[in-house]
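Down below is the structure, laid out as structure tokens.
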Amino acid sequence: MKIPFADLRALHAPLKNEFMGVLERVLENNSFILGPEVRAFENAFAQFAGVEHCIAVSNGTAALQLALLALEIGPGDEVITVANTFIATAEAISAVGARPVFVDVDPTCYTMDTAAAERAITSRTRAIIPVHLYGQTTDMDPLLELAKAHGLFVLEDACQAHGAEYKGRSAGSMGTLSCFSFYPGKNLGALGEGGAIVCNDAALANRLQMLRDHGSVKKYEHEFPGYNMRLEGLQGGFLAAKLPYLHEQNEARRTAAQMYNHLLAGSEIVTPAERSNGKHVYHLYVVQVDERDALKQQLGERGIETGLHYPVPLHLQEAYAGLGHKRGDFPVSELLAQRILSLPMFPTITPEQVEYVCTAVMEFTECLTARV
Ligand SMILES: *Cc1c(COP(=O)(O)O)cnc(C)c1O
């Protein structure tokens, strides 16, 4: 059996006619960039995320960068985020000229450790960017309280958490501004690049609309020098066509995750912890295991594709060598980088496929146990 890590073809095949309809409409209206398809998607996605405004942009990294710019964060400022995330979170901070300040994650849910964030606050800190990693939100209430006490903005990096919940609140509805990615492999993905910022603040929404489009709301009238970070009309249409299925696809991911949890229970494998007051949408199903590299190889030999999210924490990346960190600075992130393995997870994964993966994983761990 061959089991892919994700299966976008299976997800998109039933929507082919809807996608062709989008293409026809865009060709008809010449609405290649922004336009009615994007506007319709923005309205639908704002409703989905439980917020008033959605500003669709070219990708998730641009969303983070524009969010920081909208809050006038730049040179001389510090922004706190986690060492255990995709580099885009930190790159956006660097791109606006601010300094990323890394903190460690909690060892159970792998999201920002509030106490660590508190210790990292200085007089230069302007914002905190918690990352809702793998599809589960950060423990937001203590973090929002901390930010409020210090007058800091909270920007949610919800790029992996479309539809996740925290105490009944949607991912993206809790921060001052929240960012989503519609990279094809995300829980909601475009057929190309895409991203969005969501918020409840009309003035910020207005500023973001201008920032993404050359500082302008009216063509050839520019209030300030902005950027070209607009979503394409086609992608807006494709995303609007896919959005109505997102909820049931997230539920399918949750069902697969429960089956994994059940089949891997009682083994050496550490399965993902789900907060009792939240809803995890399993963008990734990440386990911890000893001898991870050997397991990854053995699964590969049996036709099972797996991933590593992420093999090198940001403070140990060459790109951030200038911050002067060393091994040992963020022990939880460093340990996770050695032990984590992302198993196949996608909405159309079948019970037989999950069973096949679990059988292969259990055989590996039983061999390990027998050896010691
Ligand atoms: C995907 C991702 C991003 C960046 O999104 P792009 O659309 O690829 O630019 C940012 N942060 C996190 C946590 C992500 O997973």
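In table form, for the structure just shown:
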{"quantity": "Residue ID - nearest to the ligand (Cβ to nearest atom), chosen from residues in region 281-298 that are surrounded by fewer than 18 Cβ atoms within 10 Å (Cβ to Cβ) and either acidic (D, E) or touching a residue at least 60 places away in the same chain (Cβ under 8 Å) (or both)", "calculated": "D293"}
{"quantity": "Residue list for region 56-97, filter: more than 21 Å from G236 (Cβ to Cβ) and out of contact with any helix residue (DSSP H, G or I) (no Cβ under 7 Å at 6 or more places or on another chain)", "calculated": "L71, E72, I73, G74, P75, G76, D77, E78, V82, F86, S94, G97"}
{"quantity": "Single match in G189, G151, G168 (criterion: modelled with pLDDT of 95 or more and either within 12 Å of the ligand (Cβ to nearest atom) or closer than 30 Å to A10 by Cβ (or both))", "calculated": "G189"}
{"quantity": "Check on L144, in contact with a strand residue (DSSP E or B) (Cβ under 7 Å, 6 or more places away or on another chain) and either over 24 Å from N228 (Cβ atoms) or within 11 Å of the ligand (Cβ to nearest atom) (or both)", "calculated": "yes"}
{"quantity": "Residue list for region 1-14, restricted to those being surrounded by 12 or more Cβ atoms within 10 Å (Cβ to Cβ) and out of contact with any helix residue (DSSP H, G or I) (no Cβ under 6 Å at 6 or more places or on another chain)", "calculated": "P4, F5, A6, D7, L8, A10, L11, H12"}
{"quantity": "Region 82-110 residues that are within 18 Å of E72 (Cα to Cα), paired with ones that are of a type in the set (F, W, Y) and away from the ligand (no atom under 13 Å from the Cβ) (beta carbon under 7 Å, 6 or more apart)", "calculated": "A90/Y320"}
{"quantity": "Any pair with Cβ under 6 angstrom, 6 or more apart, that starts in region 189-202 at a residue that is part of a loop (DSSP other than H, G, I, E, B) and ends at one that is more than 16 Å from the ligand (Cβ to nearest atom)", "calculated": "N200/V51; N200/E52"}
{"quantity": "Any helices (runs of 4 or more DSSP H) falling wholly within region 54-169 and containing at least 3 residues that are surrounded by fewer than 23 Cβ atoms within 10 Å (Cβ to Cβ)", "calculated": "88-95, 114-120, 140-150"}
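Yes or no, residue by residue, for (1) more than 22 Å from the chain's Cα centre (by Cα); (2) hydrophobic (A, V, I, L, M, F, W, C):
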site	(1), (2)
K186	no, no
A190	no, yes
G194	no, no
D213	yes, no
M229	no, yes
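The values are calculated or read from the model by the stated rules, or taken from the named source; none is laboratory data. Everything numeric in this text was worked out from a predicted model, so none of it was measured. Note: ideal-geometry Cβ built from the backbone for every residue, glycine included; neighbour counts use all protein chains shown.
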